[in-house]
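A short reminder: the numbers here are calculations on the coordinates, not readings from a lab. These numbers come from a predicted model, not from an experiment. Glycine also receives a Cβ, built like all others from the backbone with ideal geometry; neighbour counts cover every protein chain displayed.
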Amino acid sequence: MTGRRGRKGSAKRGEQRVARNARSKAHINLAKALAAVFSAGIYTKDDLQAAVCTFVAEMKEGGDTGEAVVRAAQGLVNEVGSRFPSSERTQILLADMVTWCLAEYYRESA
């Protein structure tokens with residue numbers, strides 16, 4: 001026999017890679033938005049919420065559960081927040097982001 005054997009599931013792996021890359025971009029954008037929140041005294045809630053919603057949508061499209069999305073967002077808040085002085089803002093952001101994550105994850109598509 002000569003040549004390569006066909007790969008089973010190669011299309012699925014390609015789709016998974018695309019989803020991972022999309023999540024990576026959403027992850028980076030949300031991390032940047034969180035860093036801006038922690039470093040600035042004032043921030044735009046709508047901008048942060050939009051970044052959270054994009055992050056959630058990308059993870060959901062990639063097949064992640066609602067619980068996994070919330071855990072990932074919480075982890076990101078803790079990761080980014082640890083680079084800045086501790087404040088009450090972290091707990092407020094966590095509560096807001098959990099609410100936004102769940103609302104976006106379970107929002108009906110229009």
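Residue by residue, the stretch 83-90 carries 3J(HN,Hα) couplings of 7, 10, x, 4, 8, 5, 4, 4 Hz when phi is fed to the Karplus relation 6.51 cos²θ - 1.76 cosθ + 1.60 (θ = phi - 60°); x denotes Gly or Pro.
Within a straight-line Cα-Cα reach of under 17 Å, Lys60 can be paired with the following aspartates and glutamates, leaving aside sequence neighbours fewer than 8 residues apart in one chain: Glu15, Glu104, Glu108. Expressed in Å, the radius of gyration and Dmax of the Cα atoms of the stretch 37-110 are 12.5, 41. Using a cut-off of under 16 Å, list every residue of the stretch 37-74 whose amide N is near the label point 7 Å from the Cα of Ala103 along the Cα-to-beta-carbon line. 44-57, 70, by backbone N distance to the label point.
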